[in-house]
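These notes concern the structure reproduced below.
Values in this text are rule-based calculations from the coordinates and carry no lab data. Please read all numbers here as calculations on a predicted model, not as lab measurements. Here the Cβ positions follow ideal geometry from the backbone for every residue, glycine too, while neighbour counts run over all protein chains shown.
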Amino acid sequence: MTPGARNLITDVPGLRVGSAEDARLRSGVTVVLGEGSLRGAVDIRGGGPGTRDTHALMPEGVAGELHAVVLSGGSAFGLDAATGAQAWLRERGAGFAVGPARVPIVPQAILFDLLNGGDKDWGRFPPYRDMAYAACESAGAEVTLGSAGAGYGATTERLKGGLGSASAVTADGVTLGALAVVNAAGNVTVGATPHFWAAPFEIGAEFGGRGWPQAMPPDALEPRTKAGARADANTTLAVVATDADLDKLALKRLAIMAQTGLARSIYPVHTPLDGDIVFALSTARGPAVEPVFALAELGALAANVLARAVARAVYEAAAFPGGDGPPAYRDVYAPA
């Protein structure tokens, strides 16, 4: 498996990513944009999801396109972020045509970061709409990993969470990318070791190169979650994307298979405490994919790429200023 040139979701031709965050608020927004319209699907596995317009991605939906995906902190307050992305798209004439009108289709998912110590006294209206607009303005091929965008306020069971991304190119020239915002109730490392659950899928030393532990720690399989974790208070949000020419049904299967990447990189996962969601996108700039065996291989690869993105999110994260939150991975573990 070979990563793309940047080892980012933006290795998929036709995609851009933008992020904006507020250090005082300890929250942020990340937006995935297409250079044109995109095809999409979604798979929801966590017990406490928060979403907007995900029904537009259902196979039976009338709209066969979308124009951005928004990932945001702020819990239900953050659902206003999609409005900011819609405003940015509308100014540029993008949207689903309904007669002479154009309506940008912007599905969104949120995570809970309201108890991370930030100043959430934002007044009458939460700031997520403006942050999403700023994220769209900044969108490009480069993606800041770690404590950025929607991952700024994210945490995991023991370590600071964050924003991660990875990519791969198949032998047939199809590009796959993944973006993950990791705010999981569970743990991304094997017990209290520096080894990531996603280690078997690592390419090079993209998240430290430590490999698999020589011996399984005795506490590794204890399904611990964040101290004081509550329902709706966590969540891992993900986007997998490809240039393969896939329709909505095939993208739904891609999203379902990509969820395995969360199971390969987070323990426990898909709990009642999480709202785990995977969006699957196609720019349709590449070749068509045979809908059974080739799609099965593509889905397996998507799961691998997403597992790597999850690990990179935590590996690249920085602790909150002031030291009043969970430690960053690289503050706990010296380089291998």
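Near the amide H of Gly162, within less than 5 Å, lie the amide hydrogens of Val182, all on another chain or at least 5 residues away, with H placed in the peptide plane. Computed on segment 168-237, with alpha-carbon pairs under 8 angstrom and 6+ residues apart, the relative contact order is 39 percent.
Helices of the chain meeting both criteria, an alpha-carbon length of 30 angstrom or more along the long axis and an average Kyte-Doolittle score not below -1.0, with helices taken as full DSSP H segments, are 293-315. Pairwise Cα separations in segment 131-207 fall into 5 Å bins from 0 onward with the following percentages, short to long: 3, 13, 18, 24, 19, 11, 9, 3. Counting only the Cα atoms, segment 155-264 fills a convex hull of 121 Å³ per residue.
Helical runs (DSSP H, four residues minimum) scored at -39500 (n - 2.57) apiece and divided by the length of the chain put the mean residue ellipticity at 222 nm at -6500 deg cm²/dmol. A simple rule links phi to the HN-Hα coupling: the Karplus curve 6.51 cos²θ - 1.76 cosθ + 1.60 with θ = phi - 60°, which for segment 60-75 gives 7, x, 6, 6, x, 8, 9, 10, 6, 10, 10, 10, 9, x, x, 6 Hz, with x for Gly and Pro. Compactness ratio for segment 244-336: Cα radius of gyration over 2.2 N^0.38 Å (N = residue count) comes to 1.37. Quick one: Debye curve from the C-alpha atoms of segment 1-143, no solvent, what's log10 I(q)/I(0) at q = 0.10, 0.15 Å⁻¹? Debye output, listed in q order: -0.35, -0.77.
Using just the C-alpha positions of the chain as equal point scatterers, what log10 of I(q)/I(0) does the Debye formula give at each q in 0.10, 0.15 1/Å? Values returned for q = 0.10, 0.15 Å⁻¹ are -0.50, -1.17.
Taking DSSP loops as anything outside H, G, I, E and B, show the longest stretch in the chain free of GluC sites (Glu not before Pro) there with at most 14 other beta carbons within 10 Å.
Answer - 143-336.
A protection proxy built from the mean count of other Cβ atoms within 10 Å ranks the segments 248-255, 274-281, 81-88, most packed first, as 274-281, 81-88, 248-255. Each Cα pair under 8 Å and six or more residues apart adds its separation to the average, and for segment 51-167 the resulting relative contact order is 27 percent.
As a ratio to 2.2 N^0.38 Å, the alpha-carbon radius of gyration computed for segment 199-284 takes the value 1.34.
Note on segment 64-113: Kirkwood radius taken over Cα pairs, Stokes-Einstein applied at 25 °C and 0.890 mPa s, translational D equal to 217 µm² s⁻¹.
Where the eigenvalues come from the Cα gyration tensor of segment 14-62, what are the semi-axes √(5λ) of the equivalent ellipsoid, largest first, in whole Å? Kindly include the intermediate steps, with their values, before the conclusion.
Values: eigenvalues 119, 69, 12 Å².
Each semi-axis is the square root of five times an eigenvalue, giving 24, 19, 8 Å.
DSSP bridge analysis restricted to segment 9-326 gives an antiparallel fraction near 80%, rounded to the nearest 5.
For Lys226, the aspartates and glutamates whose Cα comes closer than 12 Å to its Cα, not counting residues fewer than 8 places off in the same chain, are Glu157, Asp274. Where does the Debye-calculated log10 I(q)/I(0) of segment 64-217 sit at q = 0.20 Å⁻¹, using only Cα point scatterers of equal weight, no solvent? For segment 64-217 at q = 0.20 Å⁻¹, log10 I(q)/I(0) is -1.28. Dimensions of segment 257-298 from C-alpha coordinates, computed as largest minus smallest value along each principal axis and given longest first, are 38, 20, 14 Å.
With contacts taken as Cα pairs under 8 Å and at least 6 residues apart, the chain reaches a relative contact order of 25 percent. On full extension, the segment bounded by Arg6 and Val98 gains 29.4 nm, given 0.36 nm per residue less the C-alpha separation.
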